[in-house]
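*Asks:* The structure under discussion is supplied below as structure tokens; questions concerning it will follow.
The values are calculated or read from the model by the stated rules, or taken from the named source; none is laboratory data. Everything numeric here is computed off the predicted structure, so don't read it as measured data. With ideal geometry, Cβ positions are generated from the backbone for all residues, glycine too; neighbour counts draw on all protein chains shown. Just the protein is used for accessible areas: all its heavy atoms, side chains included, with ligands, DNA and RNA removed. Shrake-Rupley method; radii C 1.70, N 1.55, O 1.52, S 1.80 Å.
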Amino acid sequence: MKEKQIKLPGPDHPISIQRNPARIVVSVAGRVIADTRNALTLREADYPPAQYIPREDVDLSQFERTDHVTYCPYKGDCNYYSIPAGGKKSVNAVWTYEDPYPAVAQIKEHVAFYPDRVGEIAEQLPTTRESSQDSRTKKDEEIL
């Protein structure tokens, strides 16, 4: 059996992970599958950013584990879940690195969703207290 190659992120293949300040809501067939304010945004090379959502903020009862597995030399072994409520569209819609490599250890206990295999991944940016106070002040000034 061939040993798996392990690579470290670097200038030729950058990976960054940052907390997303937005609320992320994932729905499938009109059902909310995930709702979090604790998502991590993983940016990797030229791939689209992926939202990794803590398992505690996901309705895991809606998932069915599949036999599909992949391997990423930067992140490790990847496991998949389908969401039966979404039908054929939602087969292998969810992925997770259950034991990620140290360089991306933050994504442990998180799942991510393929945007084209779920109904919606909504990102709601938080409103700051200042901006709502500013708008109230402007409204008050308009009234005066």
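*Asks:* What is the percent carbon and sulfur in the accessible area of the chain, measuring with a 1.4 Å probe over the protein chains and ignoring ligands?
*Replies:* Numbers: 4600 of 9350 Å².
Carbon plus sulfur share of accessible area: 49 percent.
*Asks:* Largest first, how would ASP46, ASP12, ASP77 line up by accessible area (1.4 Å probe)?
*Replies:* Numbers: ASP46 155, ASP12 135, ASP77 80 Å².
My answer, sorted largest first, is ASP46, ASP12, ASP77.
*Asks:* Using the basic label-point model (7 angstrom from Cα toward the beta carbon), what is the VAL91 to ARG65 distance in nanometres?
*Replies:* Label-label distance for VAL91 and ARG65, simple model: 2.0 nm.
*Asks:* Same structure again: Who wins for biggest fluctuation among TYR97, TYR52, TYR71 in a Gaussian network model of the chain, springs between alpha carbons below 10 Å?
*Replies:* With Cα springs under 10 Å in the chain, the top fluctuation among TYR97, TYR52, TYR71 is at TYR71.
*Asks:* Extension gain SER16-GLU98, at 0.36 nm per residue separation less the Cα-Cα distance, in nm? Don't jump to the answer; show the numbers that get you there.
*Replies:* Values: separation 82, 0.36 × 82 = 29.52 nm, distance 1.84 nm.
Gain on stretching SER16 to GLU98: 27.7 nm.
*Asks:* Compute the label zone of TYR47 within the range 8-33: residues whose backbone N is under 13 Å from the point 7 Å along Cα-to-Cβ.
*Replies:* Within reach of a label on TYR47, which here means backbone N under 13 Å from a point 7 Å along Cα→Cβ, the range 8-33 contributes 9, 13-17.
*Asks:* A further question follows. TRP95: net charge of surrounding residues, Cβ under 15 Å, Lys/Arg +1, Asp/Glu -1, itself excluded?
*Replies:* Working: positive: ARG55, ARG65, LYS75, LYS108, ARG117; negative: GLU44, GLU64, ASP67, ASP77, GLU98, ASP99, GLU109, ASP116.
For residues surrounding TRP95, the net value is -3.
*Asks:* Right, here's the next one. For the chain, what is the accessible area per residue in Å², given a 1.4 Å probe and the full set of protein chains? Could the numbers behind the result be given before it?
*Replies:* Values: 9350 Å² over 144 residues.
Ligands and nucleic acids excluded, the figure is 65 Å² per residue.
*Asks:* Follow-up question, since we're still on this one. Give me the count of lysine pairs in the chain whose alpha carbons sit under 26 angstrom apart, restricted to pairs 8 or more positions apart or on different chains.
*Replies:* 9
*Asks:* Run the helix sum for the chain: -39,500 (n - 2.57) per DSSP H stretch of 4+ residues, divided by residue count, reported at 222 nm to the nearest 500 deg cm²/dmol. Let's see the in-between values first.
*Replies:* On the way: 1 runs with 15 residues, N = 144.
Calculated mean residue ellipticity at 222 nm is -3500 deg cm²/dmol.
*Asks:* Provide the net charge surrounding PRO48, with neighbours chosen by a C-beta distance below 15 Å and charges set as Lys +1, Arg +1, Asp -1, Glu -1. List each step's numbers first, then the result.
*Replies:* Details: positive: ARG43, ARG117; negative: GLU44, ASP46, ASP116, GLU123.
Once positives and negatives cancel, what remains is -2.
*Asks:* State, to one decimal in nm², a quarter of the convex hull surface area for the C-alpha atoms of the chain, i.e. the direction-averaged projected area.
*Replies:* 12.0
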